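To start, the structure under review is shown below, and the notes come after it.
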Amino acid sequence: MSAVAFLAGRGGWRPDFWTLVAVAAWAILIVLLLIPLGLVLVSSVRDESGELTLANWQRLFTSARYFNALVNTLIVGFGGLAGALLLGSVMAFCMARIQIAGGRFVSIMAILALVSPPFIGAYSWIVLFGSGGIVRQTLMGWGIFMPPIYGLWGILIVFAFKFYPYVYLLTSGALANVNRSLEEAAENLGLTPFQRVMKISFPLVLPALSAGGLLALIHAIADFGTPRLLGRGFNVLATEAYTAYSAEIGSNLGMATTLSLVLILMSMIFVFIQRYMSRRNVYHSNLINRPEKIRLRGFASVAAHAAVYFIALGGAMPAIIAAIYSVRKTNGPVFQPGFGLESYSRIIATLGDVVRNSLLFSGASVLLIVVIGTLIGCLVARRNTAHSSLLDATLMVPYVMPGIVVGVAFIAAFNTPPLVMTGTAAIIILSVFIRRLPYAVRSSAAALRQVGPSVEEAAISLGYSPVQAFLKVTIPLILPGIVAGAMLSFVTAVNELSSSLVLYVGGTITMPVKIYIAINDGDYGTAASLSTILLVLSGSAIYLAFRLLGRDERALL
Amino acid sequence: MRNWARGRGFFAGMAYLNVEGAIKHYGATTALNGVSFTVAKGEFFTLLGPSGCGKTTLLRSIAGFSQLSAGRVTLDGTDLLAVPPHKRDIGMVFQDYAIFPHLTVADNVAFGLKARKIAASEISDRVAEALATVRLSALSERLPAALSGGQQQRIGIARAMVVKPRLLLMDEPLSNLDAKLRLDLRDEIRDIQRTIGIAAIYVTHDQEEALAISDRICVMDSGSIEQIGTPQQIYGQPATRFVASFVGTMNLFAPAAFGLPDVPGVAQWALRPERLRLAEAGASDDSSFAGLVEHFTYLGREAHLTVQAQGHRLVAQIAAPPADLAIEAGREIQLSFDRADLQAFDAAGRRVRTERVA
Ligand SMILES: Nc1ncnc2c1ncn2[C@@H]1O[C@H](COP(=O)(O)OP(=O)(O)OP(=O)(O)O)[C@@H](O)[C@H]1O
Ligand SMILES: [Mg+2]
């Protein structure tokens with residue numbers, strides 16, 4: 001259809017730019033994904049002596065322990081999904097369609113919730129609502145009984161507040177882009193406001209809603225920090241896999257990889273269901289008539305503000321707690337009454353290279369992610385061939401791969417020649433790169449589909465070569481999406497824990513890994529202050545994106 | 001009235017654009033089914049046809065945005081399909097406008113000129129002129145998101161014409177404009193096209209517009225060409241029943257109706273509404289007949305009559321009706337026509353020559 005198709009088509013087998021991109025994309029996927037994953041698969045059907053065996057798979061279904069973990073994973077997955085959908089869609093509707101005072105502050109809070117460093121989030125909930133939690137103790141002091149936040153319900157509450165931003169960010173963007181004429185047409189045809197929402201707006205934002213829900217679901221079933229700290233005996237596949245891998249005595253790599261494969265499979269199935277659901281609902285918006293935000297009055301306005309701020313502050317709470325605890329006075333790892341900067345001076349004195357590592361590694365991986373992700377995204381969006389569909393499908397694999405699996409797979413693949421990378425910075429950078437690549441591909445492909453091919457064709461008909469047309473028309477149009485994607489990638493890269501946890505050595509330790517170690521050592525002051533530094537980094541990345549683009553929070557989508 | 005009218009028909013022989021056997025399949029659908037035609041330099045060539053008949057597909061294939069499944073296209077003697085789209089120098093006005101949302105109106109129009117490395121001062125002159133032509137001078141610094149559909153459509157026209165391409169393709173460029181602006185702009189488009197002397201292919205649904213503006217018209221149906229000809233030929237001598245009823249209104253009736261002789265090979269007769277006359281009451285030559293009035297519509301310049309006669313519903317158009325003419329429904333009137341004005345079609349819908357009938 002478009003320029004890309006033209007280059008691909010006529011004129012024989014001249015290796016044009018996009019063919020090179022396709023070849024490079026496959027090379028990357030084979031080396032960094034398919035070979036390591038193949039080795040993981042092999043290890044799940046081998047015993048210690050290297051013999052083929054199905055024992056691990058047998059144990060999965062016969063042992064009550066693993067079967068429970070499987071069921072529990074589904075429960076927290078769908079529970080987390082339900083919570084995220086509820087909070088996310090309420091927030092999205094209010095923010096996209098109603099004038100909310102301090103809207104920018106609210107969207108920053110939503111992003112803080114997304115970027116709360118792993119582990120410190122669950123830790124903060126315990127600080128407030130655990131058995132000895134501040135809020136719980138205060139309420140008990142007033143005679144109000146409150147169960148501690150452990151077990152299934154605790155996990156679900158934390159997940160709802162942790163994952164709602166996926167739903168919110170995607171859906172509010174879509175809601176803000178629904179052509180107002182469509183809703184007006186429906187109104188004009190006599191539909192009540194409720195029917196209008198159900199019959200017009202809902203189907204139109206369904207792709208975004210389900211994409212956001214999918215992200216929440218996948219993260220919920222892969223998360224192991226929250227169940228580990230809050231579960232108290234409530235185990236899921238991710239925690240069992242981690243236990244099987246990391247046990248000092250009796251480490252069972254085969255079982256860990258088997259459980260991880262089940263996780264991947266499960267996520268894959270959800271991804272395909274979501275894609276099937278939203279397949280029929282792709283539409284182009286020609287941006288003619290954007291909806292306006294309505295101004296509510298009186299009680300309705302108070303209720304909308306209360307809902308929005310409750311969700312926003314609930315989601316950002318772990319980050320806020322971390323910031324407060326980072327300036328508590330400490331003596332070694334023990335908190336003292338009052339405030340002080342001991343935690344930060346300790347970081348400056350001893351952990352400078354940890355901070356530097358984090359910045360360097362994430363910067364490098366973001367650069368790779370943005371450049372390669374955008375190119376592949378364009379390829380996938382504009383070339384409707386069997387080949388591009390296969391590429392897209394393959395990219396689903398890292399999309400759903402838990403970090404632990406990536407770590408283990410990279411160890412398996414790059415510990416021996418021909419390519420030895422274990423212990424290097426490169427292996428950490430590449431592991432982050434391959435895990436986040438699908439996000440960049442998807443977001444640039446989505447942005448591109450919004451643009452529609454005919455503007456690019458218009459530029460070509462006016463005499464610009466396909467590459468020039470792409471640079472002059474398409475790139476400016478999808479730039480907000482690319483920059484936003486880069487910022488989110490940076491934020492996730494700098495917060496990346498689980499694969500680095502497997503891959504780090506003394507010299508390549510990063511901030512999230514250090515936080516993990518500090519929490520395990522009971523050094524909460526260091527953990528809180530490192531978390532705060534991460535938050536500030538993430539926050540400034542996002543602020544920068546807003547400033548550069550000169551737009552509101554929609555630019556992040 | 002229009003001096004280019006004299007040149008009509010003259011164009012048919014001189015091929016500038018040559019499309020031969022164009023076929024395009026989309027999976028199971030055939031959007032173009034062996035389309036061949038030529039367009040001469042300076043000619044205004046119109047594609048007319050019902051929705052979905054393949055007009056856009058044909059334009060996009062010529063511009064190079066979709067690949068023909070088979071066929072040849074040459075422009076000025078060179079094989080167009082071997083030239084990448086951006087080197088074809090073919091201007092296109094897109095059916096969905098395709099305005100660059102991130103550029104101002106003026107930058108949209110200047111976009112193609114910049115690709116041609118034209119001096120900045122000349123660019124601003126030409127942009128200003130083009131914007132004046134499409135009546136958008138006042139909006140030149142606006143972003144497209146703040147414009148109406150019709151205004152965006154006019155940016156598309158200005159943007160394609162300002163570069164003076166070798167061939168101009170326009171896909172329903174006036175579909176979203178009010179009647180007055182439509183008339184003004186279609187004359188402007190025609191004037192500019194004539195002044196620059198480029199060939200233009202124009203797509204429209206509007207038959208009146210097609211008749212008014214074109215040197216030649218190509219009527220399409222379901223991916224095939226039904227007829228190519230001057231407006232007079234298309235309207236006056238339609239090659240098929242499809243063309244006859246698609247362009248203008250046509251009264252169709254059975255072979256033996258109204259005392260017509262049964263001519264072998266004729267499956268249907270056709271008569272334009274303006275060829276039906278009111279006859280004197282009581283007059284009865286062999287081509288006059290009685291009918292019952294169903295509707296009478298007075299339109300000032302003309303009047304329309306719907307009449308039920310011998311099992312057929314006929315439409316008659318009366319030019320310059322006298323002011324006191326008022327025929328109430330239910331009245332019986334006499335109508336007549338000249339047999340020379342009849343057209344005949346065979347069972348396959350093709351035109352049959354029938355000199356003998358008259
Ligand atoms: N990308 C496509 N994939 C499949 N079928 C298509 C595609 N584009 C067009 N078609 C089909 O080809 C046929 C011709 O379409 P085309 O857009 O050329 O019609 P058109 O004459 O321009 O109609 P309109 O006057 O409504 O614009 C239609 O039946 C249409 O459904
Ligand atoms: Mg069309």
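The values are calculated or read from the model by the stated rules, or taken from the named source; none is laboratory data. Not measured: the values here are computed from a predicted model. Here Cβ is always computed from backbone atoms with ideal geometry, including for glycine, and neighbour counts include all displayed protein chains.
Descriptive notes on the structure:
- For region A:328-339, the criterion of being under 33 Å from the mean Cα position of the chain (by Cα) and within 30 Å of A:Arg104 (Cα to Cα) is met by at least one residue.
Listed here are the residues, each with its yes/no results for (1) out of contact with any strand residue (DSSP E or B) (no Cβ under 8 Å at 6 or more places or on another chain); (2) within 14 Å of chain A (Cβ to nearest Cβ).
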{"position": "B:Ile118", "(1), (2)": "yes, yes"}
{"position": "B:Ser137", "(1), (2)": "yes, no"}
{"position": "B:Glu141", "(1), (2)": "yes, no"}
{"position": "B:Pro144", "(1), (2)": "yes, yes"}
{"position": "B:Met161", "(1), (2)": "no, yes"}
{"position": "B:Asp187", "(1), (2)": "yes, no"}
{"position": "B:Thr195", "(1), (2)": "yes, no"}
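- Residue among B:Asp107, B:Asp125, B:Asp89 that is within 13 Å of another protein chain (Cβ to nearest Cβ) and free of Cβ contacts under 8 Å to residues at least 12 places away in the same chain: B:Asp107
- Residue in region B:174-186 that is in the same structural domain as B:Gly42 (by TED's automatic domain parsing), crowded, with 19+ Cβ neighbours inside 10 Å and within 16 Å of ligand 1 (Cβ to nearest atom) present: yes
- Any pair with Cβ under 7 angstrom, 6 or more apart, that starts in region A:130-150 at a residue that is over 18 Å from A:Ile321 (Cβ atoms) and ends at one that is surrounded by 12 or more Cβ atoms within 10 Å (Cβ to Cβ): A:Met140/A:Met146
- Restricting attention to region A:449-465, the residues that are at pLDDT below 85 and at the interface with another protein chain (Cβ under 7 Å from one of its Cβ atoms) add up to 1.
- Applying the criterion of at least 1 residues that are exposed (fewer than 15 other Cβ atoms within 10 Å of the Cβ) and modelled with pLDDT of 80 or more to the strands (runs of 3 or more DSSP E) found wholly in region B:250-358 leaves B:288-298, B:302-309, B:312-319, B:332-336.
- Of all residues in region B:35-58, exactly one satisfies the criterion of being farther than 20 Å from B:Val243 by Cα and either within 8 Å of ligand 1 (Cβ to nearest atom) or outside the structural domain of B:Gln193 (by TED's automatic domain parsing) (or both), namely B:Thr57.
- Only listed residue being surrounded by 16 or more Cβ atoms within 10 Å (Cβ to Cβ), part of a strand (DSSP E or B) and away from ligand 1 (no atom under 16 Å from the Cβ), chosen from B:Ala200, B:Ala244: B:Ala200
- If the condition is being at positive phi and not in a loop (DSSP other than H, G, I, E, B), then region A:293-342 contributes A:Gly298, A:Gly338.
- Some residue of region A:454-468 being farther than 19 Å from B:Tyr97 by Cα, within 22 Å of the chain's Cα centre (by Cα) and small (Gly, Ala, Ser): no
- Checked against (1) in contact with a Pro (Cβ under 7 Å, 6 or more places away or on another chain); (2) of a type outside the set (Val, Ile, Thr); (3) at pLDDT below 65, A:Gly315 passes all but a single condition, namely (3).
- In region A:378-399, the residues that are surrounded by fewer than 22 Cβ atoms within 10 Å (Cβ to Cβ) and within 16 Å of the chain's Cα centre (by Cα): A:Met396, A:Val397, A:Tyr399
- Looking at A:Gly141, A:Gly151, just one residue is more than 26 Å from the chain's Cα centre (by Cα) and over 28 Å from A:Ala208 (Cα atoms), and that residue is A:Gly141.
- Residue in region B:66-88 that is surrounded by fewer than 17 Cβ atoms within 10 Å (Cβ to Cβ), within 13 Å of ligand 1 (Cβ to nearest atom) and more than 15 Å from B:Gly34 (Cα to Cα) present: no
- Note on region A:503-515: residues that are part of a helix (DSSP H, G or I) and crowded, with 21+ Cβ neighbours inside 10 Å total 7.
- Sole residue being free of Cβ contacts under 8 Å to residues at least 24 places away in the same chain and more than 9 Å from chain B (Cβ to nearest Cβ), chosen from A:Leu430, A:Leu501, A:Leu488, A:Leu471: A:Leu471
- Region A:433-448, subset out of contact with any Gly (no Cβ under 6 Å at 6 or more places or on another chain) and over 30 Å from A:Val513 (Cα atoms), residue farthest from the other protein chains (Cβ to nearest Cβ): A:Ala446
- Within region A:201-246, the set of residues being surrounded by fewer than 20 Cβ atoms within 10 Å (Cβ to Cβ) and over 29 Å from A:Ala69 (Cβ atoms) comprises A:Phe202, A:Pro203, A:Leu206.
- Residue identified as under 28 Å from B:Lys55 (Cβ atoms), without any contact (Cβ under 8 Å) to a residue 12 or more places away in the chain and away from chain A (no Cβ under 13 Å) among B:Thr74, B:Thr78, B:Thr133: B:Thr78
- Residues (surrounded by fewer than 23 Cβ atoms within 10 Å (Cβ to Cβ) and within 16 Å of ligand 1 (Cβ to nearest atom)) located in region B:89-113: B:Gln95, B:Asp96
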